[in-house]
Amino acid sequence: MAILSWIILAVVVIVLLWIATAFNGFVTLKNRAKEAWADIDVQLKRRYDLIPNLVETVKGYATHERELFEKVTKARASAIGAQGAKEKAEAENQLSGTLKSLFAVSENYPDLKASVNFLELQRDLTDTEDKIQAARRFYNTNVRDLNIKIESFPDNFIASSFGFKQMDLFQTASEAEREPVAVKF
């Protein structure tokens, strides 16, 4: 009987250790995803801070492009106010489209393209866009790992028992948004 008690105790200890390890794994993955989201926010804030300077620089050369400036400003405001990965991704895609239009318009102004301020802002924005892409990949990798663990057997029992939920990936919403923006005059 003592051997049976030890076997039962060993099984209970193993199950408890597995539950604790699985729970801690979920906590780690969830916190990594949150950290990755914070990295995206930092880069997006940097981008939001650059956009008004870029718009003002272009305004100095392209005064009759008022509608485009309004679109960029409106898209920036929408992106700043967006909540959650899905809504944020949609707003960011809209903002990226308006920025592409702004850069396309700048091609028609040789003095603007030669402006040191414009070139520096364009370089900073390109650097920021690269960092945003890296942060998105990092976030999506962490969210993917969390979501896989939540769906995987037997970890799915722990996830549902402790209320761990899947997170949304940060991605472009459609193929149409991946196409280059056509600018017509």
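The values are calculated or read from the model by the stated rules, or taken from the named source; none is laboratory data. This structure is a prediction, so every number in the text was calculated from the model and none was measured. Note that we place each Cβ from the backbone using ideal geometry, even for glycine, and neighbour counts take in every protein chain shown.
Among the residues of the stretch 128-166 satisfying the criterion of being polar (S, T, N, Q) and outside any helix (DSSP H, G or I), which is surrounded by the most Cβ atoms within 10 Å (Cβ to Cβ)?
Restricting to residues being polar (S, T, N, Q) and outside any helix (DSSP H, G or I), the top hit is Gln166.
Select, from Leu169, Leu102, Leu119, Leu125, the only residue that is of a type in the set (A, V, I, L, M), at pLDDT 85 or above, in a helix (DSSP H, G or I) and surrounded by 13 or more Cβ atoms within 10 Å (Cβ to Cβ).
Values: Leu169 fails: in a helix (DSSP H, G or I); Leu102 fails: at pLDDT 85 or above; Leu119 fails: at pLDDT 85 or above.
Only one candidate passes the filter, namely Leu125.
Anything in the stretch 117-135 that is within 21 Å of the chain's Cα centre (by Cα), more than 15 Å from Ser96 (Cβ to Cβ) and not charged (D, E, K, R)? List them, or say none.
Answer for the stretch 117-135, where residues must be within 21 Å of the chain's Cα centre (by Cα), more than 15 Å from Ser96 (Cβ to Cβ) and not charged (D, E, K, R): just Ala134.
Hey, among the residues in the stretch 105-116 that are surrounded by 12 or more Cβ atoms within 10 Å (Cβ to Cβ) and hydrophobic (A, V, I, L, M, F, W, C), which one's nearest to the chain's Cα centre (by Cα)?
The extreme case among them is Val105.
Among the candidates Arg66, Arg76, single out the residue that is more than 17 Å from Phe170 (Cβ to Cβ) and either surrounded by fewer than 17 Cβ atoms within 10 Å (Cβ to Cβ) or of a type in the set (A, V, I, L, M, F, W, C) (or both).
Going through Arg66, Arg76 in turn, the sole match is Arg66.
Can you tell me which of (1) within 30 Å of Arg32 (Cα to Cα); (2) not in a helix (DSSP H, G or I) is the one Glu87 doesn't meet?
Tallying (1) within 30 Å of Arg32 (Cα to Cα); (2) not in a helix (DSSP H, G or I), Glu87 fails exactly one: (2).
Filter the stretch 49-65 for residues that are out of contact with any Leu (no Cβ under 9 Å at 6 or more places or on another chain) and in a helix (DSSP H, G or I); which is nearest to Pro110 (Cα to Cα)?
Per the stated criteria, the residue is Lys59.
Quick check on Ala135: is it more than 18 Å from Arg46 (Cβ to Cβ), touching an Asp or Glu at 6+ places or on another chain (Cβ under 7 Å) and of a type in the set (A, V, I, L, M)?
The answer is no for Ala135.
For residues that are under 13 Å from Arg47 (Cβ atoms) and in contact (Cβ under 8 Å) with a residue 40 or more places away in the chain, scanning just the stretch 79-92, find the one that is surrounded by the most Cβ atoms within 10 Å (Cβ to Cβ).
Glu92
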